[in-house]
């Protein structure tokens, strides 16, 4: 069973068989890594980078060279943010235990966090990773409903435990999901076809032996190529009928906020405050309609319409919400939030203890991160810079035929890379990632065809950062065009 | 489905229905906690404690009162150890990313860690929790063997993801385990009955549709009441025939070192260096034979017989080793170590990425922790103080009939609490935990009958700490005896 992994088609990852093409320093590290960590680990880029330092929106390699980070959503308030670092250092020097002693920090943070959710989402349970949060959400949903069936999108990714890998077709397609999973196409356009498929799947599961336990969606559909909701103030988004159909079939609706959560999608004014508007506060896409350029409002973060959560763009209230990645700016902390009656029903049947879950150091990091999101108005920055990026990308698309649809909200923007016929061009997308890396701009791709540039930088990303990215993107596209002309066989 | 959890019999945990008996400060915190975190969370003790600070083997409550910590194995090198705190603070201020960029820290640590394992355990994969490590180990075992069946002990606990909760009967008995799980009794005496049951279970699974994927054991059997191996130098322990039977049936042997790992069981001289001995270096129990009081040797930590691992006491080499709790002294970090051919086979089929797994800050904490374990000779301390504790506990048992069997290695000692007929006495065990808490000594219990005091303090536990524990234990036993006499109905 030994062997080199078979990578079909172009890959965003380093290929181990190309190790001899690397400079000596990277070659030694890559060889050591393969020896110690094995073949299941992947490295970004044709030429992997050794990163040694980070600050704000910048990363630095071992030679001191600087890179613009357009990829990392985990250090969401910026790499090595001093307030988060200070909170971690202070708490680590004071106490780090667990949730079987009383501790005020976890209660203060839970109060603070739950106040940003709609009434009805009243309880928090803490884990260390988004995978654990989704795993717990499924345990709860299956336990409370007594059903097994789960509905996910075609390229969904919800984590790596056995249970959530079994609902993550992005890890290996339809063959890797469990028999109790039904797959629907990710939404496009106004989402009506998505709604139709979910309703059909809930009906099918309800009539099967599995029953329906849950519909779970990443509310920005990150791995499916970025599909933010297109909320019109006062009217529900396309997830509203999905939630209704889920409950009608006896299931629970789980909003996976691991990717969109904590302000990445930008602030957005509440329907009440913008009832005269015709667009939305944060829509930044060109795909199925465009935002009207409404100025960002100062946002009440205790209101559910604060812009912290992707589901709120659809004017829905989920049964369960899962959080992860940006929650502690890199410290391992995640959570499952849920209706109190669901948590009570679960707690009456079984205890839950996660050794590191909700530990004081992780909580301190999470509290500092939430404070910085608020104090530095990062959702508002996401709205403003995101809107600028989309307008400039749209302008660039006028001269660069490789740019197809652009969809986004705040600082989560998907840019489709297409061929001369407008079809997904994965090879060019991968070449673009590597050319941008040569230009010291770090970015990734997603989507079923892996042809969607994922613009997802740390939230303090500035207009100046955006300009640098746009300049290098335009340059990279030009370079690739010249390479294709000079190497027609490539 | 609302309702107060039904707790049968005595409980080590606070009962929510007793909230009105608490002082005002704790009552408010407990009420807030139930409102925010819900009923699945449990608190230690009749009267929960608000812990606000820790240092070495001491914890401090909100009033500044000091407690001796005989419970916490996660802050293994001592609460708030300055070298670990400094490593965390320094790395957090520098960089915290993920494993898709090259990083030297994870490679240096992997080299250092794997050198303490026997040849053949060559690869490390990093997760955030022991649950995730065991979950990954099962994914690997099932994937590589093509089988589903797993054998565990009767009160086994391997974690809280859906997959590992399904192999953890301690969470809810036989009814909670999956259909592909077989349960055997935990070892007693020389382990021969345990071996017989495992062999029978491997045969049964091999002949079933499930097949045998893995036998997984916590090598100190912590939740089963503490059963350290009783290795005689030069001869294998009772896990050796278990490993042989596992492989003969086509399965893999997983050593869960989340509880025993990283030196808790004490240093022990290698067979080669102690070939004239008749006892063992770290055996500290009286249950089925006693150690001969061999002096602790200075240990070569690059040797597999370093004493860092529980499985090494049985002179076996597992196929997979899982690590967790003490690994980063409280920072969420865990790992699965395995034979390279297994990791290669897994990696050829699928990628593995854990967002926070192996992040630079967690790795820095783990490296500092391992450095401190070595530099402060903590396994040697565990051996010396553990041996002292057992000799004194054995002396105490001569006058305290409540003390039954004593089993242990290093600073993991199980002390059975029994009734006048020598039978497990859970009620008295729970009363003892609460009386010790009143005396500012924090300790827990385990075992199928929940009557085993779990002596499992931070590893810098001193002879003076041991004396204080012994004094309070004797005093608590006396107090409980008086209470029983004065309240015969209790």
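The values are calculated or read from the model by the stated rules, or taken from the named source; none is laboratory data. Every value quoted in this text rests on a predicted model; they were computed, and no experiment measured them. Every residue, glycine among them, receives a Cβ derived from its backbone with ideal geometry; neighbour counts consider all protein chains shown.
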Determine whether the range B:29-52 contains at least one residue that is more than 27 Å from the chain's Cα centre (by Cα), farther than 16 Å from residue A:359 by Cβ, more than 9 Å from chain A (Cβ to nearest Cβ) and not in a strand (DSSP E or B).
yes
Please tell me if residue A:383 is buried (at least 20 other Cβ atoms within 10 Å of the Cβ) and in a helix (DSSP H, G or I).
yes
Could you list all residues from the range B:82-91 that are buried (at least 20 other Cβ atoms within 10 Å of the Cβ) and within 7 Å of chain A (Cβ to nearest Cβ)?
B:85, B:88
If we keep just the residues of the range A:343-353 that are crowded, with 24+ Cβ neighbours inside 10 Å and in contact (Cβ under 8 Å) with a residue 12 or more places away in the chain, which is nearest to residue A:142 (Cα to Cα)?
A:346
Just wondering, is there one or more residues in the range A:137-151 that are surrounded by 23 or more Cβ atoms within 10 Å (Cβ to Cβ), within 25 Å of residue A:329 (Cβ to Cβ), at pLDDT 95 or above and within 11 Å of chain B (Cβ to nearest Cβ)?
yes
Could you list, in sequence order, the residues of the range A:52-66 that are touching a strand residue (DSSP E or B) at 6+ places or on another chain (Cβ under 7 Å) and closer than 12 Å to residue A:440 by Cα?
A:58, A:59, A:60, A:61, A:66
So residue B:209 fits all but one of (1) more than 10 Å from chain A (Cβ to nearest Cβ); (2) in a loop (DSSP other than H, G, I, E, B); (3) closer than 29 Å to residue B:41 by Cα; what number is the exception?
(3)
Does the range A:55-81 hold any residues that are facing another protein chain (nearest Cβ under 8 Å) and under 20 Å from residue A:370 (Cα atoms), and which are they?
A:72, A:74, A:75, A:79, A:80
Any idea which of B:342, B:337 is assigned by TED's automatic domain parsing to the domain that holds residue B:192 and assigned to a strand (DSSP E or B)?
B:337
If only one of B:123, B:96 is surrounded by 21 or more Cβ atoms within 10 Å (Cβ to Cβ), facing another protein chain (nearest Cβ under 9 Å) and farther than 25 Å from residue A:80 by Cα, which one is it?
B:123
Please verify whether residue A:416 is touching a strand residue (DSSP E or B) at 6+ places or on another chain (Cβ under 8 Å) and either crowded, with 22+ Cβ neighbours inside 10 Å or more than 27 Å from residue A:48 (Cβ to Cβ) (or both), treating the condition exactly as stated.
yes
Checking residue B:177 against (1) in contact (Cβ under 8 Å) with a residue 40 or more places away in the chain; (2) within 14 Å of chain A (Cβ to nearest Cβ), the condition it does not meet:
(1)
Would you call residue A:363 crowded, with 23+ Cβ neighbours inside 10 Å and closer than 27 Å to residue B:361 by Cβ?
yes
Count - residues of the range A:465-490 that are over 15 Å from residue A:67 (Cβ atoms) and part of a helix (DSSP H, G or I):
15
Does residue B:356 fit the bill of being within 9 Å of chain A (Cβ to nearest Cβ) and at pLDDT 95 or above?
yes
The correct count of residues that are surrounded by 18 or more Cβ atoms within 10 Å (Cβ to Cβ) and over 29 Å from residue B:67 (Cα atoms) in the range A:99-113 is 1
Residues of the range A:333-353 being in contact with a strand residue (DSSP E or B) (Cβ under 8 Å, 6 or more places away or on another chain) and at pLDDT 95 or above, in sequence order, are A:333, A:334, A:335, A:336, A:337, A:338, A:339, A:340, A:342, A:343
Are any of the residues in the range B:114-136 farther than 30 Å from residue B:375 by Cα, assigned to a helix (DSSP H, G or I) and within 23 Å of the chain's Cα centre (by Cα)?
yes
